[in-house]
1. Out of these labelled values of semi-axes √(5λ) of the Cα gyration tensor in Å, (i) 34, 13, 11; (ii) 46, 18, 11; (iii) 24, 16, 14, which was calculated from the coordinates shown here?
2. Near the amide H of Ser16, under 5 Å away, which other amide H atoms are found, from residues 5 or more places off or on another chain, if H is placed in the peptide plane?
3. Hey, what did the range 18-109 get for relative contact order, percent, Cα under 8 Å, at least 6 apart?
4. Could you let me know the centre-to-centre spacing of the range 19-40 and the range 64-92, using Cα atoms, in angstrom?
5. Of the GluC sites (Glu not before Pro) in the range 1-94, which ones lie in a loop per DSSP and count no more than 14 other C-beta atoms within 10 Å?
6. Mean Kyte-Doolittle hydropathy of -1.0 or higher plus an axial Cα length of 24 Å or more: which whole DSSP H helices in the chain meet both?
Amino acid sequence: EEVEEHKKNLSSFGSSKDYIDAYLTEMEQQKSRGEINPNFSEFQLRVNISDLFLAGSETTSNTIRWCVLFLLCHPEIQEKLQAEVDDVVGRDRLPSLNDRDRRQKGKVK
């Protein structure tokens, strides 16, 4: 559905707003030049998107897994981390992206 939506809204001005637009634009340019490239197809675009999504998901889950393992092996670091979260966020709510700016160079703002 996302690819179809991009195809409908693809700018004829040559400016791409994301990977899908750039890929579809290149496909159109190759087609207009009469080039036949089986590696540049809508099927391959879907495969690439899937690969990118899965690679990002696996990297994230592996990073979280190693962080948890590290904290389990080093409870003293876990205590420091918890103290920092408590100082910046508190215990009344969940952390949010807005909390990123509240901590700077070892000191809470």
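Read-outs throughout are calculated quantities, based only on the coordinates presented, and are distinct from any laboratory measurement. Quantities reported herein were computed from a predicted structural model and do not represent experimental measurements. Don't worry about glycine lacking a Cβ; one is built from the backbone with ideal geometry, like all the others, and counts go over all protein chains shown.
1. (ii)
2. Residues meeting the criterion, in which the H sits 1.01 Å from N, do not exist here.
3. Relative CO of the range 18-109 lands at 13 percent.
4. 48
5. Details: sites: Glu1, Glu2, Glu4, Glu5, Glu26, Glu28, Glu35, Glu42, Glu58, Glu76, Glu79, Glu84; in loops: Glu1, Glu35.
Here the GluC sites (Glu not before Pro) that fit, given the DSSP loop and packing criteria, are Glu1, Glu35.
6. Flagged H segments are 42-73.
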